[in-house]
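The structure appears below as structure tokens.
The values are calculated or read from the model by the stated rules, or taken from the named source; none is laboratory data. Remember, it's a predicted structure, so these values are computed and weren't measured experimentally. Using ideal geometry, Cβ is built from the backbone for each residue, glycine included, and neighbour counts are taken over all protein chains shown.
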């Protein structure tokens, strides 16, 4: 008997069928990978399983017993645990406090911390999830926090674990450690649903792959009988191949950063004497675990922050710090890290978002004050067609787009003026294979036209395949750049973890 069974699960949002009669099973000790395009219905299905949504049709059974619909408490009681991509931990509490939070009755007059500590220690030892129970979560590394999230689920006696994009913020070494932990967990009978867009990880960790397309299961395959090309084709419905970097002679510098220092509002130093140059016809990749300086640098280059010291020159002229509009009109294109928070205004239509950076330009407005709506809508229609933005048209609200189509919209806006410099910050995070290939192709086309590009990514495969040179951030220090083919993934991973003797700061002639 399967530990988990989904039979005919259907979920509608108005006229949209998010899940279309989905049937799946999961065996004890099995890792089932769930793969699909953005908007294919994976998240909706997991929200039904974890009690956030109620299915319109169908039944979920755990150990042959129907699961109460729409109750997270019932899902947890049935042994279902979920580790979200973005951790839900309290940084100002200890590991132990986070793990037991919500597990004790409100009527208990006293916490039994000694019993909880022993149970946590036993689980840590049994599953190889070592972490100090008295450490403050806010002081832990990303990998350690993920261990805490998994321990939270196991502490509640989870027998079915859902992992949503679990490696998105991990170094290669932390990813390897996670996979070893999963092997240990499944060896002890835990069943795992593994959601990821990284095909090589799915092939490495899963026993079976189920593929969703447009809300329906389009196929299942044993991982041992699959390869990357087969999975990509099943997911998208056609053969998919990612673009490849070709050699190109670089031109003059388009961006020159010299000894830039930056600090947060609390005075903590975020950047330490960062120096870097980017030339025309080249992509410089920036690697590093989230929180090591990438965001601070991106904010400065986007005009959202000012450095404490140092200089930045764009096309030979000083960068207008703190002025996004001038930076864009100086010849920069921006693809922000968070497409929802900083990339678009969800309540605005597609055409409004597409012209939002050009409102006072002659191409969009008359006399700099009145928007030429007819021209703007036509421009949006052309962008929708050229970038294959799947939508209801230029008047659709942007928040209704899938993640991949929203990213295509941002890309269309950023590349509209053929910028000389492009800041691409996590441009394919959370995208499916088809959308990844499209976005990467557009970046390589921009490089071919003469743009200089900074590509910030936590995906080393992406950096190695697209970058001419790579530099690594660690605790605000940026290493010297090196040719992308000169170091292995483990070597770069060590640099990301601060376990390398690479000197910080790029030499002026390192182009």
Of the residues in region 361-384, those that are more than 22 Å from residue 327 (Cβ to Cβ), buried (at least 19 other Cβ atoms within 10 Å of the Cβ) and modelled with pLDDT under 85 come to none
Give, as residue ranges, the helices (runs of 4 or more DSSP H) completely inside region 266-363 that count at least 2 residues that are closer than 17 Å to residue 427 by Cα, touching a residue at least 12 places away in the same chain (Cβ under 8 Å) and in contact with a helix residue (DSSP H, G or I) (Cβ under 9 Å, 6 or more places away or on another chain). 294-302
Does any residue of region 413-428 turn out to be assigned to a helix (DSSP H, G or I), farther than 17 Å from residue 458 by Cα and under 17 Å from the mean Cα position of the chain (by Cα)? no
Among the residues of region 235-245, is any free of Cβ contacts under 8 Å to residues at least 60 places away in the same chain and in contact with a strand residue (DSSP E or B) (Cβ under 9 Å, 6 or more places away or on another chain)? yes
Looking across region 429-465 at residues that are part of a loop (DSSP other than H, G, I, E, B) and more than 21 Å from residue 484 (Cα to Cα), the single one that is nearest to the chain's Cα centre (by Cα) is 430
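For (1) surrounded by fewer than 17 Cβ atoms within 10 Å (Cβ to Cβ); (2) in contact with a strand residue (DSSP E or B) (Cβ under 8 Å, 6 or more places away or on another chain), each residue gets a yes or a no:
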position	(1), (2)
276	no, yes
279	no, yes
298	no, yes
304	no, no
313	yes, yes
318	yes, yes
Criterion (over 20 Å from residue 31 (Cα atoms), crowded, with 21+ Cβ neighbours inside 10 Å, in contact with a helix residue (DSSP H, G or I) (Cβ under 7 Å, 6 or more places away or on another chain) and modelled with pLDDT under 80) met by exactly one of 167, 171: 171
Which of the residues spanning region 198-214 are crowded, with 20+ Cβ neighbours inside 10 Å, farther than 19 Å from residue 436 by Cα and in contact with a helix residue (DSSP H, G or I) (Cβ under 7 Å, 6 or more places away or on another chain)? 205, 206, 209
What number of residues in region 1-14 are assigned to a strand (DSSP E or B) and touching a residue at least 40 places away in the same chain (Cβ under 8 Å)? 9
Members of region 471-500 that are assigned to a loop (DSSP other than H, G, I, E, B), closer than 22 Å to residue 296 by Cβ and in contact with a helix residue (DSSP H, G or I) (Cβ under 8 Å, 6 or more places away or on another chain): 476, 497, 500
I'm checking my understanding of the structure. Among residues of region 246-261 that are buried (at least 21 other Cβ atoms within 10 Å of the Cβ) and without any contact (Cβ under 8 Å) to a residue 60 or more places away in the chain, which one is farthest from residue 316 (Cα to Cα)? 260
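Here's the yes/no breakdown for (1) crowded, with 19+ Cβ neighbours inside 10 Å; (2) modelled with pLDDT under 90; (3) under 30 Å from residue 200 (Cα atoms):
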position: 36; (1), (2), (3): yes, yes, yes
position: 39; (1), (2), (3): yes, yes, yes
position: 56; (1), (2), (3): no, no, no
position: 105; (1), (2), (3): no, yes, no
position: 110; (1), (2), (3): no, yes, no
position: 114; (1), (2), (3): no, yes, no
Just give me the residues in region 197-242 being assigned to a strand (DSSP E or B) and at pLDDT below 90, in sequence order. 213
Region 177-197 residues that are surrounded by fewer than 20 Cβ atoms within 10 Å (Cβ to Cβ), paired with ones that are not in a strand (DSSP E or B) (beta carbon under 6 Å, 6 or more apart): 179/205; 181/128; 184/127; 184/128; 186/29; 189/28; 189/29
Considering each of 389, 410 in turn, give the residue that is free of Cβ contacts under 8 Å to residues at least 40 places away in the same chain and buried (at least 22 other Cβ atoms within 10 Å of the Cβ). 389
Could you list all residues from region 15-26 that are surrounded by fewer than 16 Cβ atoms within 10 Å (Cβ to Cβ) and either in contact (Cβ under 8 Å) with a residue 40 or more places away in the chain or not assigned by TED's automatic domain parsing to the domain that holds residue 204 (or both)? 21, 23
Is it the case that region 189-196 has a residue that's more than 16 Å from residue 128 (Cα to Cα), in a helix (DSSP H, G or I), in the same structural domain as residue 33 (by TED's automatic domain parsing) and touching a helix residue (DSSP H, G or I) at 6+ places or on another chain (Cβ under 6 Å)? no
